[in-house]
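Working notes for the structure below.
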Amino acid sequence: MTRQFNTVGVVGLGTMGAGVAEVLARTGVTVVAVDVDEAGLARGRGHLDHSTDRAVAGGKLSAAERDATLARISYATSLDALAGVDLVIEAVPERIELKAAVFAELDRICGPDTVFASNTSSLSITEIGVHTGRPGKVVGLHFFNPAPVLKLVEVVRTVVTEPDVVTDVVAFAEGLGKTPVVIGDRAGFIANALLFGYLNHAVRMYESRYATREDLDAAMRYGCGYPMGPLALLDLIGLDTAYEILDTMYHQSRNRLHAPAPLLKQMITAGLLGRKSGRGFYTYDGPDSPVVVPDVHTPVAAADAAPSREVQRVGVIGTGTMATGIVEVFAKRGYDVVLRARSAEKADAAVAKVRKSLDKAVSRGKLAEADRDAALARVTPAVEFSDLADCDLVVEAVAEELSVKKAVFEALDEVCKPGAVLATTTSSLPVIECAAATARPGDVVGLHFFNPAQVMKLVEVVETISTSADVVATARRVCLDLGKVPVHCGDRAGFIVNALLFPYLNDAVKMLEAHYASADDIDNAMKVGCSLPMGPFELLDVVGLDVSLAIERTLYLEFREAGFAPAPLLEHLVKAGRLGRKTGKGFRDYSA
Ligand code: NAD
């Protein structure tokens, strides 16, 4: 029989503590909430009032249930109030000496059977436990922010946690409607260990002015379907908390990628802690508000009115998935498109592919037959480069091989009219190599569409050191006209999305390789704890392990970051021909 925890203490009523208290009280648990002073309690209580009011307004809770929920919570400023509780969940700031002191005092106050749980995101539960006389009854109980919404709870057991305690805490978490995953005591556990390297990387990109905060966040939302971009998420988490988590991870891993970006420290020192203080990477209309207000860093609309070039006729080179998708996007929007292939048969087959895709849209009721016919009438197949002579914009989407792309750009340089914008949709090669193959490098830009181009809204507009300002402005304007979300970045391996995504996927493979958690647990943790649309192994199998390995190698070779070196397990799977869904086997077996 599992043990019931009917009365639970929550220590620290901040971002997490208040949310945890709400989760508990809403499921009928009696809560004793403790914060250092009356101000802390008032803040926590305000949070609870606000959050439960919102639940009532949203129809998720009745007014009577809200009143009953709030009535289950009592407040105190001394840990002595926790003498009779069955379980304590600690959520004080992420500092080991603070947590150690709280647990030592709790040990003195609480009965010998009281179970102690820490909501720490990264600190060692083992180290916290040894400050009590009951390390066997100490676990990690890591909720995710916002606790009332996110279902994942990481239950962390140490080498001395009693098995019954783990069983009881797991049953308790399930009773709260959560999805617990049991893991060992390692800095960052599953989700943060994989998430924070990515968040830190985004801060470094922002710090080096590689991209704006808006573009970094839009890239991950529209390129990967993440619910929030990394900088907005850091504001939600709290920059001080994020710093401590990274610092702890760095001290355990000595991985430079976990060393907190210097900007984080500066912002914390200046009091910019994120939403809780009303300002972090973004400015909010008040402390604890999710509403972003414009500030000095907000892009001005004038950027979109910058001088640009007229584009009516577009050339697309290639016959693959990306090329045909891009042809469709332009033709549907009303541009005249020349589709250039290496042979007439290939060109006709590519036009047929576009027709098939448009037919599908018609049969699904998403496109009128007349619009399909008009779009197709705008597409002209071609074999000669000279047929691109009067295009205003040419987008190249041929094989991802530098020699092939360079030859295309040499040919374009010969035939295209002066002032034509020449774009490559490469996802990993340097755009400047394409530019250097021409005598007009100022006209060359990267236009990195995502697959499927008809669906994915993101386009990375890549500016090389040679690209002219009006070419960048033209690329941006055309993307907006196509209904896409253009983000602007420099010409570095992986641009924004792949540079942020693949090191994280690689870290997941390394975690699996280290036998810390199973692929299922890791996928679940990222989906349920961070609301990502797919877990890392699901995504790797979809993208293809060979493609993923190639991107990781490119990143590693450009940045020479030891942490970017592809995980041996990935190399082995590729070598064994297990490339993911396309071969029926990757991290998972799809052949059954
Ligand atoms: P926070 O700064 O928002 O809140 C901390 C609260 O603890 C404040 O109300 C503070 O007054 C109170 N406090 C400080 N010293 C105390 C003491 N001695 N006794 C009682 N209360 C005390 O921090 P947070 O973001 O809620 O983080 C709390 C814990 O939860 C940390 O361990 C953090 O790593 C973890 N966590 C945070 C997140 C997140 O997204 N913020 C997610 C999961 C876990």
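The values are calculated or read from the model by the stated rules, or taken from the named source; none is laboratory data. Please read these numbers as outputs of a predicted model, since none were measured by experiment. Cβ: placed from backbone, ideal geometry, glycine included. Neighbour counts: every protein chain shown.
In the set Asp168, Asp185, Asp217, only one residue is assigned to a loop (DSSP other than H, G, I, E, B), on the phi < 0 side of the Ramachandran plot, away from the ligand (no atom under 14 Å from the Cβ) and buried (at least 18 other Cβ atoms within 10 Å of the Cβ); that residue is Asp185. For the range 416-437, residues that are in contact with a His (Cβ under 8 Å, 6 or more places away or on another chain) and either not in a loop (DSSP other than H, G, I, E, B) or not assigned by TED's automatic domain parsing to the domain that holds Gln312 (or both) total 0. Taking the range 56-73, which residues are in contact with a helix residue (DSSP H, G or I) (Cβ under 7 Å, 6 or more places away or on another chain), surrounded by 13 or more Cβ atoms within 10 Å (Cβ to Cβ) and hydrophobic (A, V, I, L, M, F, W, C)? Within the range 56-73, Val56, Leu61, Leu70, Ile73 meet the criteria. If you filter the range 254-276 down to residues that are basic (Lys, Arg) and away from the ligand (no atom under 15 Å from the Cβ), you find that the one that is surrounded by the fewest Cβ atoms within 10 Å (Cβ to Cβ) is Arg254.
Any idea how many residues of the range 541-584 are touching a residue at least 60 places away in the same chain (Cβ under 8 Å) and outside any loop (DSSP other than H, G, I, E, B)? Let's see the steps before the verdict.
Filtering the range 541-584 down to residues touching a residue at least 60 places away in the same chain (Cβ under 8 Å) leaves 550-551, 554-555, 557-559, 561-564, 566-567, 569-570.
Retained after the next criterion (residues that are outside any loop (DSSP other than H, G, I, E, B)): 550-551, 554-555, 557-559, 562-564, 569-570.
So the answer is 12.
Of all the listed residues (Gly446, Gly529, Gly490), the sole one being within 28 Å of Arg553 (Cα to Cα) and buried (at least 20 other Cβ atoms within 10 Å of the Cβ) is Gly446. Would you check if there is a residue in the range 242-253 being surrounded by 20 or more Cβ atoms within 10 Å (Cβ to Cβ) and assigned to a loop (DSSP other than H, G, I, E, B)? No - not one qualifying residue is present in the range 242-253. Exactly one residue out of Arg313, Arg275 is of a type in the set (D, E, K, R) and farther than 21 Å from Ala389 by Cβ, and it is Arg275.
Tell me, which residue of the range 1-37 that is among the charged types (D, E, K, R) and over 33 Å from the mean Cα position of the chain (by Cα) is modelled with the highest pLDDT?
First, pick out the residues of the range 1-37 that are among the charged types (D, E, K, R): 3, 22, 26, 35, 37.
Right, trim to over 33 Å from the mean Cα position of the chain (by Cα) and you get 3, 37.
Working: Arg3: 93, Asp37: 96.
So the residue we want is Asp37.
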